[in-house]
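Visitor: Submitted below is the structure of interest, expressed as structure tokens.
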Amino acid sequence: MQWWEVVRLSLSSFLEQHGVLASFIVILIEETGVPVPVPGDFLMLGVGVHARQGTVELWQALLVMELATLLGASILYVVAARAGRDLVYRYGRYIHLTPARLDQAERWLTHHGAAAIVAGRLTPGLRMATVIASGVFGVSPWRFLPSLALGAFLYILAYTLLGYFVGPPILRAMEGIHLPLGLLGSLVPLALLLFWVARVRRGLHLRDATEAGFADRRHRWRDGAIAGGLATLISTLAMNVVIHLVGDLALLAPGNLVERVQARLAVLALIRVIGPFLLLAAAPLFVLVGIGWGAFYAQWVEPRVHLPDWLSGLCFALLPLSVAVVVVLPVLDSAAPDLGPLGPLAAISEVLRHASYGAALGTIYPLRMARLPAALRRNTERSVLANAAPLLDSRG
């Protein structure tokens, strides 16, 4: 059974169990910027198939998915407007996004805002970027929301009607795609984020081991929280890529649908365990936990660990990993004993997720040094080395 066949069957089971509520929750989570292994496009096709079969009402499905899109994208828009602008203008120059170019892009988007937003929402791969750009560049909510509503509805309508009129053949046709859309949807933003981090570190001339905690001590927790949020995004994207690759390459023993879903689609297994309503609360909680661990790392761990940045974060990740393995996984196991134990694959996936989170956290946190002028940054590094010299001599 190939990857897309498993996705199709598991998605069908999910929609039959929860109806339009399933599409609302998955699309809402995706539109807020939290990556999910199943592309929203594929979900819309599945909803169209079920509408044709009469298990869901077409008009209800369209309305629910539109509401989920508006709510989720509005949350992402507000976050981008509050936090994204400062990040883009501070760090954009390291990937050749100079203030002049950013101002030019802002003027263009402001002048062509409505048409640009509609076009962006209709273009696969640019839907999230359109929302983020609208928030970063200050597009008026009164212009953003109507344009978002129109572009989102046309996109949802096209994919849902495609599933409605073409039916299961369009889902089975996905099996012939060599690189699933979901893989590209996670791999491309992951590559861009990693490229951005590498370029910023190079532009700041950071050493492999950076004592970033000595700079701007009052705001360690804030910068750590930001780094934790970005590390959570990177680790989630990385796990989505792994899940899709496993779905394409792994040779799984024959078993029932639940076992295959647990092995390949962790998010759907989680939904089956905690239910769709709790998933709605679990998604932001998942992000908040990553942010909280980042603040903890910056405030109490990073100033005391003198290792290469990525290794410092990787060692710290043993703490949240222990919590996940000792507390979270047993709770999920006991919550749904009828589904059977999650097994070693769940523990392995947690190890990979926390390893990528820790390495990303340790690498991203020193980017806070960009807040300091270059001369002050060099002086700070020299003072850190001078303070560390007696300790090194005593150890020698």
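The values are calculated or read from the model by the stated rules, or taken from the named source; none is laboratory data. What you are looking at is a predicted structure, and each value in this text was computed from that prediction instead of being measured. We place every Cβ from the backbone using ideal geometry, glycine too, and count neighbours over all the protein chains shown. Areas reflect the complete protein model, heavy atoms only, side chains present, ligands, DNA and RNA absent. Shrake-Rupley method; radii C 1.70, N 1.55, O 1.52, S 1.80 Å.
Visitor: Checking the conditions here, which among F195, F153 is touching a Leu at 6+ places or on another chain (Cβ under 9 Å) and either at pLDDT 90 or above or closer than 30 Å to V64 by Cβ (or both)?
Guide: F153
Visitor: Take residues that are farther than 21 Å from L193 by Cβ and either open to solvent by 60 Å² or more (accessible area, probe 1.4 Å) or touching a helix residue (DSSP H, G or I) at 6+ places or on another chain (Cβ under 9 Å) (or both) and tell me which of the helices (runs of 4 or more DSSP H) falling wholly in region 55-143 contain 2 or more. Outline the logic, then answer.
Guide: On the way: elements: 58-79, 85-91, 99-111, 113-121, 127-136.
Per the criteria, 58-79, 99-111, 113-121.
Visitor: Moving on. Output the number of residues of region 97-126 satisfying the condition of being among the polar types (S, T, N, Q) and in contact (Cβ under 8 Å) with a residue 12 or more places away in the chain. Explain how you work it out, then say what you get.
Guide: Residues of region 97-126 among the polar types (S, T, N, Q): 98, 104, 110, 123.
Filter once more, so that each one left must be in contact (Cβ under 8 Å) with a residue 12 or more places away in the chain: 110.
Count: 1.
Visitor: Related question: In region 284-329, what residues are in a helix (DSSP H, G or I), over 15 Å from Y357 (Cβ atoms) and open to solvent by less than 60 Å² (accessible area, probe 1.4 Å)?
Guide: Q299, P303, L329
Visitor: Restricting the search to region 290-310, which residues are of a type in the set (V, I, T) and free of Cβ contacts under 8 Å to residues at least 12 places away in the same chain?
Guide: V305
Visitor: While we're looking at this one, here's another question. Given the structure, is L237 closer than 19 Å to M128 by Cα, at pLDDT below 90 and surrounded by 15 or more Cβ atoms within 10 Å (Cβ to Cβ)?
Guide: yes
Visitor: For G46, state whether it is in a loop (DSSP other than H, G, I, E, B) and modelled with pLDDT of 75 or more.
Guide: Values: in a loop (DSSP other than H, G, I, E, B): no; modelled with pLDDT of 75 or more: yes.
Against the criterion (in a loop (DSSP other than H, G, I, E, B) and modelled with pLDDT of 75 or more), G46 does not qualify.
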